[in-house]
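Data block below; observations after.
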Amino acid sequence: MYTNNSYCYSRGRALSSVSLSPIREVYVEDSAHAQTPPFHVFLAQALVEDCHIVAMAKLFESIGKLGLALAIGGGVVNSALYNGKFSVDAGHRAVIFDRFRGVQDDVVGEGTHFLIPWVQKPIIFDCRSRPRNVPVITGSKDLQNVNITLRILFRPVAGQLPRIFMSIGEDYDERVLPSITTEVLKAVVARFDAGELITQRELVSRQVSEDLNERASTFGLILDDVSLTHLTFGKEFTEAVEMKQVAQQEAERARFVVEKAEQQKQAAIISAEGDSQAALLIADSLAVAGDGLVELRKLEAAEDIAFQLSRSRNVTYLPAGQGTLLQLPQ
């Protein structure tokens with residue numbers, strides 16, 4: 001097979017310049033004697049077939065190059081369409097980083113957006129409130145160790161996301177919140193004694209919230225809620241408080257005993273005074289009425305005794321002056 005176009009072209013012109021009529025005549029004359037065509041005919045046919053094959057090869061090569069170009073172009077377009085769009089979920093915002101111009105000032109909202117592939121890149125931020133617990137060990141005004149855990153609900157200011165990304169980074173909460181929370185808590189707790197931290201907890205929480213919101217605003221953060229969830233003291237202070245409570249309870253118990261004795265004393269005095277007054281009254285009555293008052297009291301006592309005995313089932317009444325049943329002496 002000949003693949004050189006110039007060769008096929010030159011051989012075709014050479015063959016076209018040679019007259020084939022003698023060959024046809026010889027072939028016709030010798031057809032009666034031999035059935036095989038002359039060598040020149042085979043050579044001409046082979047050269048024509050070679051030219052056709054070369055032309056078909058060139059056609060297929062052109063088609064292959066066109067298909068490869070279309071495949072590459074389609075891949076580039078598909079990649080551009082895939083990388084040229086991004087979505088921002090609900091409660092999120094995006095900041096665009098351009099490889100030539102840097103971080104853009106515009107903040108992209110929720111939805112699907114387009115950008116320049118391989119040149120621009122979106123950075124997604126969560127703008128919803130998120131909780132974070134920050135434990136801190138600090139000292140009170142009276143030099144007592146205090147363990148405090150602060151729970152914070154925070155979120156970034158959407159309009160300041162480009163500045164936050166350039167100055168702090170995507171992990172702004174890890175870099176900012178622990179440091180400012182520790183600083184504010186230590187400053188506020190140092191203003192109160194250990195006892196005041198318990199009795200004035202609401203005031204402590206309010207001052208921590210005000211100071212912490214002021215510090216967080218300088219970094220572009222909003223604190224939706226600040227609360228003290230855990231507050232404990234050192235072992236020594238806890239033992240001292242328990243001993244104080246025990247001493248106070250013992251003092252209260254002793255005071256109660258003293259008050260009870262005083263009350264019993266006053267009751268005895270009052271009872272004695274009452275008895276004295278009663279004796280004086282009885283003596284006066286005896287001086288005036290003689291033995292009649294004594295007889296009256298005897299009758300009242302007898303009446304009371306008879307009433308009590310009448311209610312008992314073990315008492316039997318006998319007629320006066322008769323001892324027939326029990327043979328009692330007269």
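Report Rg(Cα)/(2.2 N^0.38 Å) for the stretch 117-276, keeping two decimals.
1.82
Normalised by the number of residues in the stretch 86-125, what is the relative contact order in percent for Cα pairs under 8 Å and 6+ residues apart?
Across the stretch 86-125, relative contact order equals 51 percent.
Taking each pair of distinct Cα atoms in the stretch 86-125 once, what is the resulting Kirkwood hydrodynamic radius in Å?
Its Kirkwood hydrodynamic radius stands at 10.2 Å.
Using +1 on the beta carbon of Lys and Arg, -1 on that of Asp and Glu, and nothing else charged, what's the dipole of the stretch 54-187 about the Cα centre, debye to 20?
80 debye
For the stretch 122-204, count all C-alpha to C-alpha pairs, find those more than 22 Å apart, and express that count as a whole percent of the total.
39 percent
None of the figures in this text is laboratory data; all of them are computed from the coordinates on show. Please read these numbers as outputs of a predicted model, since none were measured by experiment. Cβ: placed from backbone, ideal geometry, glycine included. Neighbour counts: every protein chain shown.
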